[in-house]
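Scroll down for the structure; my scribbles are underneath it.
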């Protein structure tokens, strides 16, 4: 791209424009996954929605694809690209709370930490993720699974409206009343339909929760999983915990001799009456001896950020995922065989519950189709050293292949790897054809293709 072209772009953009000739380019092109090393033609850090419109039109006029970056957590590195335009929303992080209407207006580059910090003083929250540095936008557009989902629904179920810049650079306000087709599509369709510059969320009364992590002996995992599948079926919806595998980190509440050893883990979150928290967790204490725990009343944002330090930028990532209706005995056996071999302190497997409020939404009401699933599992390989790539990727793939026969065909797009594109139709089931038609309407040139991509109808 010649200098005159980028000079003209700089003159139109109020925010920052970075090209390979700029000293800050290498820093600006980084994403969190250390395996991703791509070189965009230009990186735009917009100051406002107008900048986003300009950047999208610039990409279309110059036949360049667009990658959209919010928190930069995309495992396949979809927040960057080679030879295209990166729209980095990290300068747009404002959160404005209206306590009267219990709503929050959230700029497109905000993280869940930003949102939680703004809503907590009002005693309000909405469903977020598990790591607070995750971008609000990416998580919401793909679904939004988190601690509060059983009671409040997915993040996208709490979305009331969104400002969207589509593939022709036009600005839309999408809601149930305005541009309803676009609003339907962005609730689960990922970043396929445009750049969301602002979200309006419904908030609910959640301030402090009772919970935290509980570590068990590794050989208690089977009993934990089998108990959990029965417990979560009709547990009060204020309970949002999940079982996992985790190598014990060197934290003060964990006995030193346990550091670095794999354990079964239960992460608990009770968002109901705090006085009932101990009672709600009692079955998990009675199930088996607890090796270590950090459980008690805490601010919801404290739990939402509790694992942030385990997952710093620069780790190498490879993940796999499936939706699950029933955690069968055969599935539990596969988890025991492969989860017990978790290879790194930063690698894990989580089984998130998505029943309760998530199941009360019809599968065709939003693009997110798996409203009959009970769980969303993720096998998350994360490790620091490139020399360990082969071994860690193999652990994830072997684990996935063992559990996939006991799972649904589709999975949660926010947890998928780049090599999962072949599963795209299965991820949306009967909603795929409508999404493809809407893709043709809002992004016929597939400008936004750095994602789990929905092809415009009539294209390959």
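Quick notes on this one:
- Rg ratio for segment 1-68: its Cα radius of gyration over 2.2 N^0.38 Å, N being its residue count, equals 1.09.
- Of the residues 270, 184, the one with the fewest other Cβ atoms within 10 Å heads the list, and the complete ranking is 184, 270.
- Applying the Kirkwood pairwise sum to the alpha-carbon positions of the chain produces a hydrodynamic radius of 22.4 angstrom.
- Considering only alpha-carbon pairs that sit under 8 angstrom and 6 or more positions apart, the relative contact order computed for segment 355-437 is 31 percent.
- Each part gets one Cα centre, and for segment 362-406 versus segment 331-345 those centres are 13 Å apart.
- What separates the Cα centres of segment 158-225 and segment 15-90 is a distance of 22 Å.
- Axis of helix 432-442 versus longest Cα principal axis of the chain: the two differ by about 30°, to the nearest ten degrees.
- Compared with the alpha-carbon gap, the fully stretched path from residue 457 to residue 11 is longer by 156.9 nm at 0.36 nm per residue.
- Scattering curve values for segment 259-355, log₁₀ I(q)/I(0), Debye with Cα scatterers, q = 0.15, 0.24 Å⁻¹: -0.86, -1.54
- C-alpha long axis of helix 389-403 to longest principal axis of the chain, angle in °: 70 degrees
- Taken over segment 276-321, the alpha-carbon convex hull comes to 155 cubic angstrom per residue.
- Of the peptides 20-26, 400-406, 120-126, the ranking by mean beta-carbon count within 10 Å, highest at the top, reads 120-126, 400-406, 20-26.
- Cα radius of gyration and Dmax for segment 95-205 (Å): 12.9, 40
- Relative contact order (%) - the chain, alpha-carbon pairs under 8 angstrom, separation at least six: 17 percent
- A straight chain from residue 173 to residue 309 at 0.36 nm per residue would run longer than the Cα-Cα distance by 45.3 nm.
- Förster radius 22 Å - calculated FRET efficiency between residue 61 and residue 160 (Cβ-Cβ, nearest 0.05): 0.10
- Debye log10 I(q)/I(0) at q = 0.18, 0.21 Å⁻¹ for segment 158-275, Cα point scatterers: -0.91, -1.03
- Counting neighbouring beta carbons within 10 Å and listing from fewest to most, the residues 207, 341, 387 come out as 387, 341, 207.
- Debye intensity ratio I(q)/I(0), log10, segment 208-421, q values 0.15, 0.16 Å⁻¹ (C-alpha model): -1.02, -1.17
- Packing-based exposure ordering (other Cβ within 10 Å, fewest first) of 220, 337: 337, 220
- Relative contact order, percent, segment 208-421 [alpha-carbon distance under 8 Å, six or more residues apart]: 27 percent
Readers should treat all values here as calculations from the given coordinates under stated rules, not as data from a laboratory. Remember, it's a predicted structure, so these values are computed and weren't measured experimentally. All Cβ positions, even for glycine, are placed from backbone atoms using ideal geometry, and neighbour counts span all protein chains on display.
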